[in-house]
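Okay, structure first, notes after.
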Amino acid sequence: MDAAPRVFADLPSDPELSVPVPFAAGPDVGYADRPEGAGLSARHLDKRRVTQCALSRICGVCGSSLGRPLAFFGSQRELDRMAFHFPASHLECAQALLAAYADVDEPVLGQDTAPADWVLVTTASFEFVRANKEDLDRRPIFQPNSLLTTAPPG
Ligand SMILES: [Zn+2]
């Protein structure tokens with residue numbers, strides 16, 4: 001397991017999009033399976049990191065331990081389905097990330113839509129659901145299991 005708690009300001013930057021790359025997208029370079037400078041991208045989530053976030057209850061943005069409330073962000077469709085792909089985050093981290101991504105006009109972080117379409121919500125707990133073999137979308141999802149509140153964007 002990678003232990004990499006860090007603060008938002010220290011997140012590495014996507015060389016192409018010039019936005020911070022959150023923990024769940026694989027911010028740490030230099031691991032054996034991730035050579036220096038390789039694979040540093042905000043476009044997709046790292047499935048191993050997503051699972052680590054869920055099982056260790058750490059923030060998908062900064063990689064340190066979660067408290068409450070938990071924040072989830074994603075497309076309106078994810079909210080409608082109560083199935084988020086990006087791991088739970090600190091509310092402050094989620095707000096900082098969304099602010100940093102405000103000018104990105106293409107789908108990133110494994111989402112189907114650009115950040116302008118995303119919603120930010122808070123909850124107290126969630127279930128982590130791994131995909132079944134027969135699922136078309138094999139990515140694990142996070143299902144908030146208490147009442148969500150829509151959080152202010154920043
Ligand atoms: Zn955080």
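What follows draws every value from the coordinates through simple rules; no lab data is involved. Remember, it's a predicted structure, so these values are computed and weren't measured experimentally. Here the Cβ is made from the backbone with ideal geometry for all residues, glycine too, and neighbour counts use every protein chain on show.
Just subtract the alpha-carbon distance of Thr150 and Ser56 from 0.36 nm times their residue separation and send over the number in nm, one decimal.
Between Thr150 and Ser56, full extension yields 31.3 nm more.
For Lys133 and Ala9 in one chain, what is 0.36 nm times their gap in residues minus the Cα-Cα distance, to one decimal in nm?
40.8 nm
Each residue of the range 6-20 in turn: what ³J(HN,Hα) in whole Hz from Karplus with 6.51, -1.76, 1.60 and θ = phi - 60°, glycine and Pro shown as x?
8, 9, 3, 5, 8, 5, x, 9, 5, x, 8, 9, 6, 10, x
Would you calculate, for the chain, the mean residue ellipticity at 222 nm contributed by helices, counting each DSSP H stretch of 4 or more residues as -39,500 (n - 2.57) and dividing by all residues, to the nearest 500?
Estimated from H runs of four or more residues: -4500 deg cm²/dmol.
Under 5 Å between amide H atoms, partner at least 5 residues away or on a different chain: which partners does Val19 have, H built in plane at 1.01 Å?
Asp14
Based on the mean of other beta carbon atoms within 10 Å per residue, what is the order of 74-80, 20-26, most packed first? Display every interim value, and only then the final one.
Numbers: 74-80: 16.7, 20-26: 26.6.
Highest-to-lowest ranking by the protection proxy: 20-26, 74-80.
Rounded, prolate or oblate: pick one for the range 103-154, where a ≥ b ≥ c are the square roots of the eigenvalues of its C-alpha gyration tensor, a/c under 1.5 means rounded, and failing that, prolate if a/b is larger than b/c, else oblate.
In terms of gyration-tensor shape, oblate.
If we sort 87-100, 113-126 on the protection proxy, mean other Cβ atoms within 10 Å, highest first, what's the order?
87-100, 113-126
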